[in-house]
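Undergrad: A single structure is presented below for examination.
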Amino acid sequence: MFFEIFYLIKLINYISVVKENYLITPIDYLKGVGPNRADLLRSELKIHTFNDLLYFFPFRYIDKTKFYKISELNNTNSYVQIIGKFTNLKHSGNIKAPRLIGMFSDADYNEIEVVWFKGIKWIEKTIKLNNEYIIYGKLNFFNNNFSIIHPEIDTLNNQKKLLKKNLTPIYSSTESLSSRGINNKLIRELIYNIFKNSKNKFSENLNRNINEKYSLISKYDALLNIHFPENQIKLEKAQFRLKYEELFFLQLKFLIKNKESKRKFKRFKFSKIGNFFNDFYKNHLTFDLTNAQKRVIKEIRNDFASNYQMNRLLQGDVGSGKTIVAILSSLIAIDNGYQSCIVAPTEILAQQHFNNINNMLSNIGVKVNLLTGSTKKNDRKGIFGSLKEGLTHILIGTHAVFEEKVLFKNLGLAIIDEQHKFGVAQRSKLWKKNTTPPHVLVMTATPIPRTLAMSVYGDLDISTIDELPPGRKPVKTVHRFDKNRLKVFRFIKDEIKVGRQIYIVYPLIEESKKMDYKFLMDGYESIVREFPPEIYQISILHGKMKPRDKDFEMERFKNGKTQIMISTTVIEVGVNIPNASVMIIESAERFGLSQLHQLRGRVGRGSEMSYCILMTKDKISNEANTRIKTMTETNNGFKIAEVDMKLRGPGNILGTQQSGLLNFKIADIISDSEILEKAREDAREIIDTDPNLININNQEIKKELKKASKNENIWKYIS
């Protein structure tokens, strides 16, 4: 009694809201749901309101126009639909593995067995013997008999009532939902109940120009036909409308965020190019910049001079020369009286950046410091003091830079290298180093397909270095099987004879019981047997080593004291040894395309011809074969990224920290790239012509954005 009163009070409290907007009614109050099913829908599918259920889209459709007679069934049938009656239901199995078996008879009195392993009590209560039903499910053939396991069950009357056409939607489900009878049939019924009582209460959220430009069907028709398509044409129109809408508002929010961040964080202007930049560029830069590098530096200079905070992504292929862009950008900051910091994901990369940048800039009076997790306490005190006093011009470091003790006098430029290895929360800590947030340049050597960049980094300005420095020879990549290992060893010896150095990379440090591929320590032992220590010097490098031991081994290899470096993927980014000409990747079938491409980028940095050898076992999967084939066919990181996105999907190319925005309800940035481009163009045109959305034609768009912008905070301004 108490529960019923409580439930009634809740319902009364929502009446005024429901009158205002029917679709935000909690799912509890939809006919056919109730409190128990509502809790399941919330926990399993994140469906809280009527609107959430309407936007729970089918993932595929099936054609249910054909009905089979049981006598027509054969082994070539996959899914079948039969009209008939249940003539008998009986229990079988035991307490631990119960099952319910029903005999289903068609009009010709032929029978087929129907079996349930879960939800047995609910099924028993639902089915009435000798009533007419339609069953639909996958046909099984065992011991010369056909059966259907866990079929969909419906009545003829219900089919007609549910706007049943020739295309039937299939929705995602979970084991918990299925066991409680929340199946496709029920989902369709619930959605139908929303439409039946909605009285077309679906407000439009796009403007007239867009609707006319693409001849979009109405919001109501789009939602109706995505769940109950009249035909294939109507379904395609519904899909286009809803995909466009989803991508349009994503891009619009990105563009607004970009403008807001620039408007919010003003008064940060680097207006001059001074002595540091000019002296280095004219007298100490020993090579010519590529046209792509010059273009990117010009884009950065325009940001610096704009009186707005720069928030830019710099992407470039392995070896394209992003570091020199970072150096020149830092010199502009120094010329204007500001400090810079460059943050790298590993100590090896940070140390390498420090060595290179310090060597390049020490002659012009630029003070560079290095701060990592292994920096000694006394050295830290000196670095902290130098930063506060403004004596340090550029700080290079790892995650240690994010510590609260690290304070700058006037940090003007923050550069994040290999940015996908840092979370938003970490990067935001750099903002607190200054009263005015610094300009931000995030860099990645993992090329990002255009559509992915627009989806993940749509709120950043994007610069691309799509040109390699002149004189670089493309790395020759070949695939070799384990049976070719002796030939590979002979090739290594030939390269060492002419003074070259070799990387051999393994995916594991220690043996895994579950995986049968090579691991580093076993590999080291086999290499030593083939390359005896009295003739060859070998280094070893992996993530479990102490920093000083890593540095020692790296220095030996860098100085040519060792000919072979056996390593894990700790050398994936940043390591630059021009004399290393061969990269051997063991168990290459276990690596993703992005890692393979990054590892290959460790060679080909000198003037000599370089090679990448992908070693695999003799039999590999089709997907692994596609990755290997892609690597041998192209050195273009952007083409590789396109293949990678098609193989893995966008969600895990950059890691989960970066892919939250890719949880689309209906759009797919691979197959819907053209729609994304159109949505981006239209969103930009609206922001350029009506940035505050005050035009009467854009009021519905403004309302939709207002709904979507609740609970956003300072995080949205962080790249």
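Undergrad: Which Cα, out of PRO691, ASN283, MET443, lies furthest along the positive dipole direction of the chain (beta carbon charges, K/R +1, D/E -1)?
TA: Positive-most Cα among the choices belongs to PRO691.
Undergrad: Starting from the Kirkwood Rh over alpha-carbon pairs, what translational D in µm² s⁻¹ does the chain have by Stokes-Einstein at 20 °C and 1.002 mPa s? It would help to have the intermediate numbers written out before the result.
TA: Details: Rh = 30.2 Å.
Rounded to a whole number, D works out at 71 µm²/s.
Undergrad: Determine, for each peptide in 547-558, 73-84, the mean count of other beta carbons within 10 angstrom over its residues, then list the peptides with the highest first.
TA: 547-558, 73-84
Undergrad: May I ask you to derive the FRET efficiency for GLU677 and GLU124 from their Cβ-Cβ distance with R0 = 45 Å, giving the value to the nearest 0.05?
TA: 0.25
Undergrad: Using 1/(1 + (r/R0)^6) with R0 = 51 angstrom and r between the beta carbons of LYS497 and ASP63, what's the FRET efficiency to the nearest 0.05?
TA: With R0 = 51 Å, the Cβ-Cβ based efficiency is 0.15.
Undergrad: Relative to the longest principal Cα axis of the chain, at what angle does helix 2-20 sit, 0 to 90 degrees, rounded to 10?
TA: Rounded to the nearest ten degrees, it is 70.
Undergrad: Here's something else I'd like to know. Greater than 26 Å separation of Cα atoms is the criterion. Which listed pairs, LYS125/LYS201; LYS253/LYS409; LYS199/LYS234; LYS64/LYS196, meet it?
TA: Beyond 26 Å: LYS125/LYS201; LYS253/LYS409.
Undergrad: Using 1/(1 + (r/R0)^6) with R0 = 51 angstrom and r between the beta carbons of GLU236 and LYS432, what's the FRET efficiency to the nearest 0.05?
TA: 0.55
Undergrad: Nearest 10 degrees, 0 to 90: what angle lies between the long axis of helix 622-633 and the longest principal axis of the chain (Cα atoms)?
TA: Taking Cα atoms only, the helix is inclined about 30 degrees.
Undergrad: With a 1.4 Å probe and all protein chains in place, put PHE57, PHE117 in order of accessible area, largest first.
TA: Values: PHE57 20, PHE117 100 Å².
Result of the area sort, largest leading: PHE117, PHE57.
Undergrad: Compute from the Cα atoms of the range 320-388 the Rg and the Dmax, the latter being the longest Cα-Cα distance, and quote both in angstrom.
TA: Just the Cα atoms of the range 320-388 yield Rg and Dmax of 12.4, 37 Å.
Undergrad: Per-residue counts of other Cβ atoms within 10 Å, averaged by peptide: what ranking do you get for 120-127, 91-98, highest first?
TA: Packing order, densest peptide first, comes out as 120-127, 91-98.
Undergrad: Related question: So how exposed is HIS284, as accessible area in Å² (1.4 Å probe, rounded to 10)?
TA: Its accessible surface works out to 60 Å², give or take rounding.
Undergrad: With a sphere of radius 10 Å drawn around the Cβ of PHE481, what net charge do the other residues whose Cβ falls strictly inside it have (Lys, Arg +1; Asp, Glu -1)?
TA: Numbers: positive: ARG480, LYS483, ARG485, LYS617, LYS619; negative: ASP482, ASP618.
With Lys, Arg at +1 and Asp, Glu at -1, the neighbours total +3.
Undergrad: For a quick check: with amide H placed at 1.01 Å from N, whose amide H comes under 5 Å from ILE540's, ignoring anything fewer than 5 positions away on the same chain?
TA: ILE566
Undergrad: What distance in nm separates the two pseudo spin-label positions at ASN695 and THR634, each 7 Å out from Cα along the beta-carbon direction?
TA: The answer from the label model is 3.8 nm.
Undergrad: Related question: Highest mean first, how do 31-43, 221-233, 598-610 rank when packing is the count of other Cβ atoms within 10 Å averaged over residues?
TA: Descending packing order for the listed peptides: 598-610, 221-233, 31-43.
Undergrad: Give me the angle, in degrees from 0 to 90, between the Cα long axis of helix 322-335 and the longest principal axis of the Cα atoms of the chain, rounded to the nearest 10.
TA: On a 0 to 90 degree scale, this one is about 70.
Undergrad: In addition: Sorted from largest down, what three extents in whole angstroms do the Cα atoms of the range 49-179 have along their principal axes?
TA: Over the range 49-179, Cα extents along the principal axes are 45, 36, 28 Å.
The values are calculated or read from the model by the stated rules, or taken from the named source; none is laboratory data. Worth saying up front: this structure is predicted, and the values here are computed from it rather than measured. Note: ideal-geometry Cβ built from the backbone for every residue, glycine included; neighbour counts use all protein chains shown. Only protein heavy atoms, including side chains, enter the accessible area calculation; ligands, DNA and RNA are left aside. Shrake-Rupley method; radii C 1.70, N 1.55, O 1.52, S 1.80 Å.
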